[in-house]
1. Evaluate 2.2 N^0.38 Å with N set to the residue count of segment 8-109, then give the Cα radius of gyration divided by it.
2. Run the dipole for segment 231-351 about the Cα centre, Lys and Arg Cβ at +1, Asp and Glu Cβ at -1, nothing else charged, and hand back the magnitude in debye, nearest 20.
3. Name the residue from 185, 83, 99 whose Cα lies farthest towards the positive end of the charge dipole of the chain, charges +1 on Cβ of Lys and Arg and -1 on Cβ of Asp and Glu.
4. Of 41, 368, 163, which is the most mobile in a GNM of the chain whose springs link Cα atoms less than 10 angstrom apart?
5. Average the reciprocal distances over every distinct pair of alpha-carbons in segment 115-222, invert the result, and give the Kirkwood radius in Å.
6. Of 303, 170, 351, whose Cα points farthest to the positive end of the dipole of the chain (charges on the beta-carbon: +1 Lys, Arg; -1 Asp, Glu; origin at the Cα centre)?
7. On a 0 to 90 degree scale, rounded to 10, what angle separates helix 301-326 from the longest Cα axis of the chain?
8. Show me the ranking of peptides 145-152, 65-72 by mean Cβ neighbours inside 10 Å, starting with the highest.
Amino acid sequence: MTAAPEGWRARLETFLAAHAERPHLSGPAKLAWTKSWHAALADAGLAAPNWPREAGGLELGVADQVTYHRMMTEAGAPSHPTPISFIVAPTLIVHGTPAQRERYLRPLLRADELWCQGFSEPGAGSDLTSLTTRADREGDNYRINGQKVWTTGADRADWMFALVRTGPPGPGGAGITYLLIPMSAPGITVRPLRDLTGGTHFAEVFFDDVVVPAANRVGQEGEGWKIARTSLGHERTTAFLSTEYALRRQLRKVTALAVETGAIEDALVRQDLAKAEASLRVLAANASRALTELLGGGDPGPLSSMNRLVRAEFEQQLYRLATRVEGPDAALLGGRWVHGYLMTRASTIGAGTAEIQRNTIGEKVLGLPREPEAQLSTQEYA
Ligand SMILES: Cc1cc2nc3c(=O)[nH]c(=O)nc-3n(C[C@H](O)[C@H](O)[C@H](O)COP(=O)(O)OP(=O)(O)OC[C@H]3O[C@@H](n4cnc5c(N)ncnc54)[C@H](O)[C@@H]3O)c2cc1C
């Protein structure tokens, strides 16, 4: 816990009041507006509540971080155009060189440069350590060949943070290296993939003899898996403590819809609303437990696994209920709830499937025996 910089609350309040306008935009115009909103937030020194001050953050203590996230949620602040940036940022803060921090953090915070995450491959998802995209060392460079898939925002990203194979596989994710790849590099092909909603939120990315400087490596060669794992948990800690507020707002809207359409008269709808309320209270209770853990200097990791699972299932439950409440009109009324219903099919897949979350809870929270790890044989690498 560090002392909060004097007056950050008042400064954030003033900023949010001065930037309260939310124009109805879409496509490139929306992206440009969101980027400028975040650039202004970063320029005001208010964009990163838990980063160290020398990296452009506010370095707030845990309780203040929660207040920060609540204030942003209540003000309806737009999300960063690539929230995934906040996975690579703490990695750079902890494992990057001073030159890397200087080069990448500010443009990331201002949303001048957008990032995508190149981890999953056609043959490596839950079992990520079996990834096969290769980066071969050639003097001061790496030459990359292979393919990534489901890469969110790859078609508009300036940079990818990627896990690549630089050595034979082995226990503990051996042979995996963390690289920063400019998406403009020759040899990269991005092929957008259409999802259930008809949108193209993610893409396949192909690497054909893509050359990047070895200076783009984060940490040591072969240490990428450890780096990715240790820094993943870091940023998740406090943001999830405030998700309850955004979700409560959604539940209120669905309840209002049920009243408006008369669906509330249906006992089964009332029962589903009560179940949603119960899930939300579980999320809130877990968030309080995690906060207590954090304030006591502990690790809320296992609790955040539970909350991620409950949240993913809550979102699916809520949108399913909303489409039921709207009835056949759901698809006609601008399709908002249907769109959310289709989008949230992915909530139990992306960033670790519900089954993998359950494995984590079983092993890390309940202390059940570990399942055997699947390993790629060294012959497959050669
Ligand atoms: C909307 C969306 C956005 C995404 N964005 C990105 C991105 O930006 N960057 C990126 O790198 N990846 C991204 N992904 C990919 C995501 O991380 C993977 O889909 C996820 O890790 C699962 O991997 P997979 O799809 O290969 O499924 P698999 O790992 O092949 O799993 C298939 C099924 O088997 C189950 N299963 C697998 N292993 C086990 C086990 N040990 N025990 C029990 N069940 C198991 C899974 O739960 C699942 O039901 C995104 C995915 C989605 C849906």
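We did not get these values from a lab; they are worked out from the coordinates using the rules stated. The structure presented is a predicted model; accordingly, all values stated were derived computationally and were not measured. Quick reminder, even Gly has a Cβ in these numbers, built from the backbone with ideal geometry, and neighbours come from all protein chains shown.
1. Computed over Cα atoms of segment 8-109, the ratio equals 1.09.
2. Working: 15 positive and 13 negative charges, 20 e Å.
The dipole magnitude comes to about 100 debye.
3. The Cα lying farthest towards the positive end belongs to 83.
4. Result: 368 has the largest fluctuation of those listed.
5. Values: mean 1/r = 0.0722 Å⁻¹.
Radius from the Kirkwood sum: 13.9 Å.
6. The listed residue farthest towards the positive side: 303.
7. Tilt of helix 301-326: around 50 degrees.
8. Numbers: 145-152: 21.1, 65-72: 19.6.
Highest mean packing first, the order is 145-152, 65-72.
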